[in-house]
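Engineer: Got a structure here, written out as structure tokens. Questions coming.
Taken together, the values in this text are just the output of simple stated rules run on the coordinates, not laboratory data. Computed from a prediction, not measured in an experiment: that's the story for all the values here. Positions of Cβ are backbone-derived with ideal geometry, glycine not excepted, and every protein chain shown enters the neighbour counts.
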Number of protein chains: 2
Amino acid sequence: MKEKLEELKRHLAEVYDLENVTSLLYWDQSTYMPKGGAAARGRQLGTMEKLVHEKMTDLQIGRLLEELTPYGESLEYDSDEAALIRVTRRKYERAAKVPAAFMAEMSNHFADTYQVWTEARPADNFAKVEPFLEKTLDYSRRLAEYFPYNHIADPLIGYSDEGMTVSTLRPLFQDLREQLVPLVKAVTDRADVENTCLRQTFPEKEQWQFGMDVIRQLGYDFDRGRQDKTHHPFMTKFSLGDVRITTRVKENQLEEALLSTIHEAGHAMYEQGIQMELEGTPLASGTSSGVHESQSRLWENIVGRSRGFWEHFYPKLQEVFPEQLGAVSLDAFHRAVNKVEPSLIRTDADELTYNLHVMIRFDLELALLEGKMAVKDLPEAWRERYKADLGVFDPGDKNGVLQDVHWFAGTIGGSFQGYTLGNILSAQFYDAALRAHPEIPDQIRKGEFSTLHGWLKENLYRHGSKYTAMEITKRATGSPLTIQPYIAYLKNKFGELCGLNG
Amino acid sequence: MKEKLEELKRHLAEVYDLENVTSLLYWDQSTYMPKGGAAARGRQLGTMEKLVHEKMTDLQIGRLLEELTPYGESLEYDSDEAALIRVTRRKYERAAKVPAAFMAEMSNHFADTYQVWTEARPADNFAKVEPFLEKTLDYSRRLAEYFPYNHIADPLIGYSDEGMTVSTLRPLFQDLREQLVPLVKAVTDRADVENTCLRQTFPEKEQWQFGMDVIRQLGYDFDRGRQDKTHHPFMTKFSLGDVRITTRVKENQLEEALLSTIHEAGHAMYEQGIQMELEGTPLASGTSSGVHESQSRLWENIVGRSRGFWEHFYPKLQEVFPEQLGAVSLDAFHRAVNKVEPSLIRTDADELTYNLHVMIRFDLELALLEGKMAVKDLPEAWRERYKADLGVFDPGDKNGVLQDVHWFAGTIGGSFQGYTLGNILSAQFYDAALRAHPEIPDQIRKGEFSTLHGWLKENLYRHGSKYTAMEITKRATGSPLTIQPYIAYLKNKFGELCGLNG
């Protein structure tokens, strides 16, 4: 059995290499590739994804998994080997359901769509990308049809948040929405927060350097990563020793680059924290989109927008930008960074309204997949929902339906639920860390993050994908997914900030 | 047959994609990869090269080639299709001789060696890399043994300069040497050229920008390429639409970055000039190492070190560096850029002594492969030859045997002859272009390069690998490889510069 396991690992290491090489193609596409490289890059991605799929669905892997499954079940559930066999089997079975040619064709289409989107968005030209999106919807449906489902979005959701379905997410989101809407109203009624201090001119170079210094202090390891510029920030991994992030800088929006740098560093610290023993296997990555997002949001919001964090970092920021911030108090700055204001752009949204952005996308995805809405009606439906849910309106599509890359580089369906699951889980994990180490907030005030980082590594990061989102949540926090810590966190934070509790 | 040809092209396009993806892995390794990524990168390269080799030696390709060969021979020799079948067959047969597992193991070893070299070189520590080099020699020999040969270096030379052998190269180099040595002596006896004007401080940013402006004007297409920084300059290609170059800047050595930028742009213009119809096939790349080098050297030396080039560009360079160059005359600058001085470093060498550097490497490679010299004796042998041939001595290895990447990232054997072949051919091609367009030197004086670039595209670049080095040399210049134009060019140029003719 040991020998068979080694053989399995050899196969998996090859798949792992090819997947990571594919990620490098994407990274280069967004960072440094000249535009003349676009057409060939699409073909290269298609070729690689086809290969990955072929190798991952190799019958030899299926045979080995079948032979190894009883052995895996005889081992301790928590052992790396048991997890490897169990998790790989789930991934194998999912991959084996979809023909390689279909996957290649689809990913080729995604690459083309992405390229068109990068031109359509700045030109505010939805019509240009509409026919591509039509095809994307078709591909998304066809992909879902390879699986059994209750709701056609379920298989797509399963790709990123295994175990989650429309029937569990809808009531969860409904619950959350019922608590959020009155809170948003109370906060925006009560306080008219000034954030013009963030809208001065902050030269790019200094912003970039400050962000780099902050994440180094949080625990992002630059020997095993780097940060580059892209239109849309992201994290990507080429091995456990090479986990990169990207961001963009806006000179008149100070919080944008810094918080997105912290956000992506949160994702990256999760991947950098995975134990080396899992390298080269399907276990060497975060376990789900929701759990991944919980870490980006924990570091970005719960840490990066907290009073304690700024007690430490604000004097340093003032030193970097003395003219702009010298006369702005810590309190005023902290309130500005936490200004709640319904807006058009998800990634710029405050903590409270953010989930409303996500739910709009989630609902529209479902409507498209269910055939209740046509792609051509999407821009208008988008505008209507933003008006109804957030009270904001923009006649264009650039800051509307064209704002997020997701539908223009992947499926429609399964792309957004992870963001809200992540917000919910960020508070649940942080809450558990605080119970174990009540000294964490005091440490943050001093710019020390290693206790929090250490708890997260020990209880979450190092396990990679050994456990499902539900398993790891239960193990690390002692309870299943719950919105209570998140709601308590928001009420407490914004209560203090806006004097709602007083 | 048309159908079989299409099937062959599909296979070849996949191989082409995988090769180009592999090149991206190398590019990233030298430009942006954090050090933590090194171990996995080695594995990834191994996995990819194994795949490329497997795909290239797929029996299906062999079968298709066999069926298509009579058809290919029935077509016009100059047709793209005939060339595709003919050239692919040669490449296939070469690839099929070497087992995939051996290739993977060897390229893994090269990646490890490269990593060690990047640390050993700055530390001037040959011992650190010596055991790796021992293995490299062993791999090189074993690779050669898969082929029939007269001299063990012949198969290795054949990889980069097909058709060339030790028995043709030795007398050719001997001939050249006999003409070069007295010329070097005459030039260094006659003139004591001052080049301290190039040794002032020239800030990196301005040097970089000047180099970018120059190559744009020469014809390098930035929409289909880019330049990044690396320790060792190189050109690489990910598709005909994405041909990148790299360089390094030394602030106290003005000619270094500029000339290496032009050099790599010369390689890149060759690749960018290949006709799009050849994309995705083995024909879509330069035909041999020697012909490739002829283009980098033509642009770097025959153009970039010429009086006419500087008549146009020197006033612009003076504007960029008024303090450093304001008082230096065009004549003095032009002489400085062409200073002949025996030195330690090949890539810094002047046009006259450059080939002596190459011949030392060529002879040492042969001695190692023939078993006449041990790897451990290489540093000393290097020093002795430099003293004997160039009259220079350095007790360390950093600027000795460790200076070039080639043996530390590939085989020993076949790595260096292309440089001298390139020098010879650069003059032969330029001579032919002049015969067709005697107005070229006048145009260069005005900063116009399109006639020269156009002639090269038409007669050389667009053909990619359709013709062998010997074929294309004959077609483009009307005669087989000859050292006469090169010797005439050198005698004329240095005669004028040093008043040898007068």
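Engineer: List the distances, in nm and shortest first, from the label point of A:Met1 to the matching label points in every other copy, placing each point 7 Å from Cα along the Cα-to-Cβ direction.
Structural biologist: 6.0
Engineer: Quick one, can you get me the convex hull of the C-alpha atoms of segment A:217-373 expressed as volume per residue in Å³?
Structural biologist: For segment A:217-373, the hull spanned by Cα atoms encloses 142 Å³ per residue.
Engineer: Could you tell me how many degrees, from 0 to 90 and to the nearest 10, lie between the Cα long axis of helix B:126-145 and the main elongation axis, the longest principal axis, of the Cα atoms of chain B?
Structural biologist: Roughly 50 degrees, rounded to the nearest 10.
Engineer: Using Cα pairs closer than 8 Å and at least 6 residues apart in sequence, work out the relative contact order for chain B, in percent.
Structural biologist: Dividing the mean separation by the residue count of chain B yields 20 percent.
Engineer: Starting from the 7 Å offset along Cα-to-Cβ, what nm value, one decimal, do you get for the label separation of A:Asp223 and B:Arg435?
Structural biologist: Here the modelled spin labels are 6.1 nm apart.
Engineer: Can you tell me how segment B:166-498 classifies by the Cα gyration tensor, rounded, prolate or oblate, using a/c under 1.5 as the rounded cut?
Structural biologist: rounded
Engineer: A further question on this structure: Would you calculate a helix-derived [θ] at 222 nm for chain B, using -39,500 (n - 2.57) for each DSSP H run of n ≥ 4 and dividing by the full residue count, to the nearest 500?
Structural biologist: Result for chain B: -20500 deg cm²/dmol, rounded to the nearest 500.
Engineer: Could you work out, residue by residue across B:481-491, how many beta carbons of other chains sit within 10 Å of that residue's beta carbon, and then give the average as an integer?
Structural biologist: 0
Engineer: Could you tell me the relative contact order of segment B:332-407? Use alpha-carbon pairs under 8 Å, at least six residues apart, and round to a whole percent.
Structural biologist: Computed over segment B:332-407, the figure is 30 percent.
Engineer: While we're here: Tell me which GluC sites (Glu not before Pro) from segment B:159-207 have a DSSP coil assignment and no more than 14 other beta carbons within 10 Å of their own.
Structural biologist: For GluC sites (Glu not before Pro) across segment B:159-207 that sit outside H, G, I, E and B with at most 14 neighbouring Cβ atoms in 10 Å, the list reads B:Glu194.
Engineer: Now for a separate question. Given A:Tyr354, A:Leu434, A:Thr247, which one lies farthest toward the positive end of the charge dipole of chain A, if we put +1 on the Cβ of every Lys and Arg and -1 on the Cβ of every Asp and Glu?
Structural biologist: Projecting each Cα onto the dipole axis, the largest value belongs to A:Tyr354.
Engineer: What share of the DSSP beta bridges in the protein assembly as shown is antiparallel, in percent to the nearest 5?
Structural biologist: About 55 percent, rounded to the nearest 5.
Engineer: Evaluate peptide B:213-224: per residue, the Cβ atoms of other protein chains within 10 Å of its Cβ; return the mean as an integer.
Structural biologist: Per residue, the average neighbour count from other chains is 1.
Engineer: Further question: Counting other Cβ atoms within 10 Å, keep those with at most 15, restrict to DSSP loop, and tell me which trypsin sites (Lys or Arg not before Pro) in segment A:418-502 are left.
Structural biologist: A:Lys446
Engineer: Hey, another quick one. How much FRET efficiency would the formula 1/(1 + (r/R0)^6) give for A:Ala388 and B:Gln484, where r is the Cβ-Cβ distance and R0 is 56 Å, rounded to 0.05?
Structural biologist: For A:Ala388 and B:Gln484, the calculated efficiency is 0.10.
Engineer: Ok, one more. Pairs of Cα atoms under 8 Å, at least six residues apart: use those to get the relative contact order of segment B:238-301, whole percent.
Structural biologist: Relative contact order comes out at 39 percent.
Engineer: Where does helix B:38-56 land angle-wise versus the long Cα axis of chain B, in degrees 0 to 90, nearest 10?
Structural biologist: 60 degrees
Engineer: Sorted from fewest to most neighbouring beta carbons within 10 Å, what does the list A:Asp189, B:Asp213 look like?
Structural biologist: A:Asp189, B:Asp213
Engineer: Would you tell me the mean number of C-beta atoms belonging to other protein chains that fall within 10 Å of each C-beta in B:42-51, as a whole number?
Structural biologist: Mean number of neighbouring Cβ atoms from other chains: 4.
Engineer: Just subtract the alpha-carbon distance of B:Arg199 and B:Glu145 from 0.36 nm times their residue separation and send over the number in nm, one decimal.
Structural biologist: 14.7 nm is the gain from fully extending B:Arg199 to B:Glu145.
Engineer: When only DSSP loop residues count, what chymotrypsin sites (Phe, Trp or Tyr not before Pro) in segment A:369-411 have their Cβ near at most 14 other Cβ atoms within 10 Å?
Structural biologist: A:Phe393
Engineer: Can you pull the one-decimal nm distance between simple spin-label points at B:Ser74 and A:Gln275, each 7 Å off the Cα toward Cβ?
Structural biologist: About 6.6 nm separates the two model spin labels.
Engineer: A further question follows. Simple spin-label model, 7 Å along Cα-to-Cβ: A:Glu458 to B:Glu67 in nm?
Structural biologist: Using points 7 Å along Cα→Cβ, the separation is 6.5 nm.
Engineer: Also, quick follow-up: Rounded if a/c is under 1.5, else prolate if a/b beats b/c, else oblate: with a ≥ b ≥ c from the C-alpha gyration tensor eigenvalues square-rooted, which is segment A:388-502?
Structural biologist: Oblate, because a/c is 1.5 or more while a/b does not exceed b/c.
Engineer: What whole-number value in cubic angstrom gives the convex hull volume per residue for the C-alpha atoms of the protein assembly as shown?
Structural biologist: Cα convex hull per residue, to the nearest whole number: 186 Å³.
Engineer: Moving to a separate point now. In debye, nearest 20: dipole of chain A around its Cα centre with unit charges on the Cβ of K, R (+) and D, E (-)?
Structural biologist: Charge dipole, chain A, about its Cα centre: 260 debye, nearest 20.
Engineer: Apply the a/c threshold of 1.5 to the C-alpha gyration tensor of segment B:314-389 and tell me whether it is rounded, prolate or oblate.
Structural biologist: It comes out prolate by the Cα gyration axes.
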